[in-house]
Each structure stands twice: as C-alpha cells, then as structure tokens.
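J.: Take a look at this one; I'll ask things after.
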Amino acid sequence: QVQLVESGGGLVQPGGSLRLSCAFSGFTSDYYAIGWFRQAPGKERVGVSCISTTDMRTHYTDSVKGRFTMSRDNAKNTVYLQMNSLRPEDTAVYYCAAEIGGCSGDFGSWGQGTQVTVSS
C-alpha cells in the first residue's frame, strides 16, 4: 500500500527557513495527489498544500501563499515543502498524505509527522 515518510523538521527562528521532505511509494495509478497538512497543539489538522497529477496544479492555503513552495523530485519519489519567512504560528506537526485521485479527495494514507517549531 501507499507509504509516506516525512523528514526535515526542527527548530528555526522567526523569519528562517526549513525544507520538509516526504518520500512516498506504493502508488499503482498515474493519478494521485500528495498533500501537506499541519496540526498545532490544541487545534484541528488543516491542509497546507497539495500537488496533484490529476489537474497538474499545486495548491496552497492562503496563510502560506508566497512563503511555502511544494516541489517534486520524480526520480526520488519525494515531495518537498520549502518553507520560508517562517512565523511562530507555523509551529505544528507537519504530515504528508496521499490520495488516489485529486487534491479534493479523501486522503487515506498518512506519514508519521515531523515537528516544526518556530521560536526565538
């Protein structure tokens, strides 16, 4: 089945940058989506960004537009989330997830999460 493993989290100062990685495997279809989600303490898990082979587009939630960028290395089967101009409110556990279809579908496969802490 689909497997995903996140890495790259850590502690960074406000205004700094981090790059998260999500290595994935197990897709049996040409059409799928990989999404980044995050969950801060005491808050609901929310979507951050998504890249899809169905619509050939990358999507971002408004709070990260202009600061975060998703990319994919096809040879490595890895999706990245480059995070710049980080703010304390970006502190959360970040997860990558997969859906067989497009970004509007239900994400059924999840990674273990990686902690991102933005603090002085």
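The values are calculated or read from the model by the stated rules, or taken from the named source; none is laboratory data. In this text the structure is predicted, and so the values were computed from the model without any measurement. Cβ atoms come from the backbone with ideal geometry, glycine included; neighbour counts cover every protein chain shown. Heads up: the accessible areas ignore ligands, DNA and RNA and are worked out on the full protein's heavy atoms, side chains in. Shrake-Rupley method; radii C 1.70, N 1.55, O 1.52, S 1.80 Å.
J.: Could you state the accessible area per residue of the chain in Å², with a 1.4 Å probe and every protein chain left in place?
T.: 53 Å²
J.: About the Cα centre, and with charges only on the beta carbon of Lys, Arg (+1) and Asp, Glu (-1), how big is the dipole of region 39-120? Nearest 20 debye, please.
T.: 200 debye
J.: Here is a further query. Using a Gaussian network model on the chain with a 10 Å cutoff between Cα atoms, which of V48, V12, V79 fluctuates the most?
T.: Greatest mean-square fluctuation among the candidates belongs to V12.
J.: Rounded to the nearest percent, how much of the accessible area of region 1-42 (1.4 Å probe, protein heavy atoms only) is carbon and sulfur?
T.: With neighbouring chains kept in place, the figure for region 1-42 is 47 percent.
J.: If packing is taken as the average number of other Cβ atoms within 10 Å across a peptide's residues, how do 4-10, 103-109, 89-95, 70-76 rank, most packed first?
T.: 89-95, 4-10, 103-109, 70-76
J.: In addition: Give me the percent of the accessible area of region 73-120 that comes from carbon and sulfur atoms, probe 1.4 Å, all protein chains in place.
T.: 43 percent
J.: Expected output is a single nm value to one decimal: the length gained when fully extending between T58 and E44, i.e. 0.36 nm times separation in residues minus the C-alpha distance. What is it?
T.: My answer for the length gained is 2.8 nm.
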